[in-house]
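Here the structure is laid out as structure tokens; the discussion comes afterwards.
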Amino acid sequence: MSGAFTSDFLLHAAGGFLILIMLGLIINLYMELSSIKSRYKRMMEGSEGESIEQMLAAHTQAVNDVSDQQQKMERKLSSLEELLKSSITRVAVIHFDAFEKTGQGLSWCVAMLDRNDNGVIFSSICGQESSRSYVKPIEDGRVASNYKLTREEEQALAQAMRQ
């Protein structure tokens with residue numbers, strides 16, 4: 001019996017020891033879990049008592065608002081670029097003496113063009129007793145066939161097209 005007593009006793013002692021080790025591990029895991037829970041609660045409560053979920057929702061809404069604003073700005077920019085294509089962006093002015101005796105450079109012409117070289121040339125010929133004004137349409141950098149450009153108007157047109 002003494003052999004059986006010892007082996008039974010050893011088995012029970014080993015089982016008890018194993019149970020104590022398991023109980024220690026469980027207590028250790030419970031303490032770590034409690035620590036993690038308290039850290040998680042602190043993390044989830046942001047500044048001013050706001051939870052991380054609330055903060056994330058607010059930031060997501062802010063990002064969506066910024067995205068909407070960016071899309072509106074892109075649409076406005078696109079429409080402004082389209083408007084700019086047909087806007088007068090290039091202007092050249094030439095002053096000259098239309099008549100030899102005036103000598104004051106009172107005559108002038110102005111070429112006003114858009115990006116596509118479409119626009120007009122305004123001219124004013126000033127004499128001693130009268131002045132005359134002219135407007136000539138420009139399409140694709142050329143005057144219509146029923147008009148002729150003066151030397152000064154050609155100069156103003158070329159200068160505007162170089163800008």
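The values are calculated or read from the model by the stated rules, or taken from the named source; none is laboratory data. Note that the structure is predicted; figures quoted are calculated from it, not measured. Here Cβ is always computed from backbone atoms with ideal geometry, including for glycine, and neighbour counts include all displayed protein chains.
Cβ separations smaller than 6 Å between residues 6+ apart or across chains give no pair from region 25-42 residues that are touching a residue at least 40 places away in the same chain (Cβ under 8 Å) to residues that are surrounded by 10 or more Cβ atoms within 10 Å (Cβ to Cβ). Within region 118-163, the residues that satisfy the criterion of being under 13 Å from Val91 (Cβ atoms) and in contact with a helix residue (DSSP H, G or I) (Cβ under 9 Å, 6 or more places away or on another chain) are Gly119, Ile121, Ile138. Per the conditions (1) in a helix (DSSP H, G or I); (2) touching a strand residue (DSSP E or B) at 6+ places or on another chain (Cβ under 9 Å); (3) of a type outside the set (S, T, N, Q), the sole criterion not satisfied by Leu84 is (2). Is it fair to say Glu53 is in a helix (DSSP H, G or I), in contact with a Ser or Thr (Cβ under 7 Å, 6 or more places away or on another chain) and without any contact (Cβ under 8 Å) to a residue 60 or more places away in the chain? Answer is no for this residue. Of the residues in region 57-72, not one is among the hydroxyl-bearing types (Ser, Thr, Tyr) and at pLDDT below 85.
In region 117-163, of all residues being exposed (fewer than 14 other Cβ atoms within 10 Å of the Cβ), within 37 Å of the chain's Cα centre (by Cα) and part of a loop (DSSP other than H, G, I, E, B), the one that is modelled with the lowest pLDDT corresponds to Gln163. Consider only pairs whose beta carbons are under 6 Å apart and that are at least six residues apart or on different chains; among these, list those whose first residue lies in region 126-144 and is under 29 Å from Arg115 (Cα atoms) and whose second residue is of a type in the set (Phe, Trp, Tyr) and surrounded by 13 or more Cβ atoms within 10 Å (Cβ to Cβ). The qualifying pairs are Val135/Phe122; Lys136/Tyr147.
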